[in-house]
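Everything below concerns the one structure shown next.
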Amino acid sequence: MKALVLEPDLRLAIRDIQLPETLGPKDLRIKIHSVGICGSDVHYYKHGSIGPFVVREPMVLGHEASGTVIELGAEVKNFKLGDRVCMEPGIPDAESEQSRTGYYNLDPAVRFWATPPIHGVLCPSVVHPASFTYKLPDNVSFAEGAMVEPLAVGMHAATKAVIRPGDVALVIGSGTIGMVTVLAALAGGCSKVILSDVQTEKLAIGKSLAPESVFTVNVASESLGDVVAAVTGGRGVDVVFECSGNGRAAASVFEHLAFAGRVVFVGMPAGPVSYDVVAAQLKEARVEHVFRYANVYAKALSLMGSGKIDLKPLITDSFGFEDSIEAFDFAAAMPPSSVKVQIVMGE
Ligand code: ZN
């Protein structure tokens, strides 16, 4: 079938490629509708690898997807033809110790779309286990359905933060993951979220997500400490979500934290980060780390269905499949007014 293929020499091509199409008894065949372009897709396109994962063979890109069920495996009971769905892109080995103990996102044998050597889903249809497929509520569009994957990261981070009602959070970094973390933190009970970045346009989009509850700081021109002090009456924030992956930002998270606060590292810094342990000890700070997500898709979709989370303002750009190479070049040099670029495969 025709797919968007990243060649080992890092050229992109829309071309025919042989993909696994066998439908197992517990699988669904899903016609792909919308696919979001993730930072990881762009990274493979531009650099050919992320950590130990290297593009050595042609690989189909894309892992943030929604679509329509077009065929049911013999044993599938809880779906019907025509169901509108989104899919978790990582399929773990159910027998692994990580899966058995509830940490299936940490299973080293996980087969994750568009992570070499596993193909992604920028193609007309895909076969996927029903157990990692979720129905979209009627009021959730395909475009929003393809945003559940990044939202799941923010949901997982908010879950790890153990937010208490009324907490104030600081989210560092206003890329897609920072934005969805703002939404997850508010949905999870935060009364206010301070969002910091250096791009004014992005911060304006962040503010628009919840104008009464989101306070933005452009750290290129304003003091983050002053804004934190003003919003929290000098107490500091209860939770810091580090979503920038910036080493300096990551090292400074304890400065703005209240006593007994929590820090969640979400962004991935390029190298090791060291921090002031004593500063963290004096506040008895708790530090958490997240890798992807586990067991949050259904909850994310119920928040979207109930209207408590609206992802539409984050979907800023959309391209047809025939223009998907252009879409990737756009995403690789994204203007500050853009957050999520999606490719629409068809109706
Ligand atoms: Zn992604």
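The values are calculated or read from the model by the stated rules, or taken from the named source; none is laboratory data. Quick caveat, the model's predicted, so the values are computed rather than measured. Every residue, glycine among them, receives a Cβ derived from its backbone with ideal geometry; neighbour counts consider all protein chains shown.
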Check: So which of 140, 69, 127 is under 30 Å from residue 187 (Cα atoms), away from the ligand (no atom under 16 Å from the Cβ), in a strand (DSSP E or B) and not charged (D, E, K, R)?
Finding: 69
Next item on the list: Name, by its number, the condition in (1) closer than 24 Å to residue 325 by Cα; (2) free of Cβ contacts under 8 Å to residues at least 12 places away in the same chain that does not hold for residue 86.
Entry: (2)
Notebook entry, point to check: Being surrounded by 21 or more Cβ atoms within 10 Å (Cβ to Cβ), at pLDDT 95 or above and within 16 Å of the ligand (Cβ to nearest atom), is that true of even one residue in the stretch 20-33?
Noted result: yes
Next item on the list: Name the residue, out of 232, 176, that is at pLDDT 95 or above and within 17 Å of residue 338 (Cα to Cα).
Entry: 176
Item checked: the stretch 199-226 - residue that is out of contact with any helix residue (DSSP H, G or I) (no Cβ under 9 Å at 6 or more places or on another chain) and of a type in the set (A, V, I, L, M, F, W, C) and, of those, farthest from residue 258 (Cα to Cα) -> 204
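So that you can scan it fast, the table gives a plain yes or no per residue for (1) within 17 Å of residue 292 (Cβ to Cβ); (2) in a helix (DSSP H, G or I):
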{"residue": "33", "(1), (2)": "no, no"}
{"residue": "42", "(1), (2)": "no, yes"}
{"residue": "46", "(1), (2)": "no, yes"}
{"residue": "62", "(1), (2)": "yes, no"}
{"residue": "75", "(1), (2)": "no, no"}
{"residue": "82", "(1), (2)": "no, no"}
Item checked: Residue list for the stretch 107-147, restricted to those being more than 19 Å from residue 24 (Cα to Cα) and touching a Phe, Trp or Tyr at 6+ places or on another chain (Cβ under 6 Å) -> 115, 116
Next item on the list: Only helices (runs of 4 or more DSSP H) wholly contained in the stretch 260-347 count here; list those with 2 or more residues that are surrounded by 19 or more Cβ atoms within 10 Å (Cβ to Cβ).
Entry: 297-305, 324-332
Next item on the list: Check 142, 132 and return the single one that is outside the structural domain of residue 245 (by TED's automatic domain parsing) and under 16 Å from residue 292 (Cβ atoms).
Entry: 132
Check: Within the stretch 190-226, how many residues turn out to be under 22 Å from residue 163 (Cα atoms) and of a type in the set (D, E, K, R)?
Finding: 3
Next item on the list: Mind counting the residues in the stretch 38-60 that are among the small types (Gly, Ala, Ser), away from the ligand (no atom under 16 Å from the Cβ) and surrounded by 14 or more Cβ atoms within 10 Å (Cβ to Cβ)?
Entry: 1
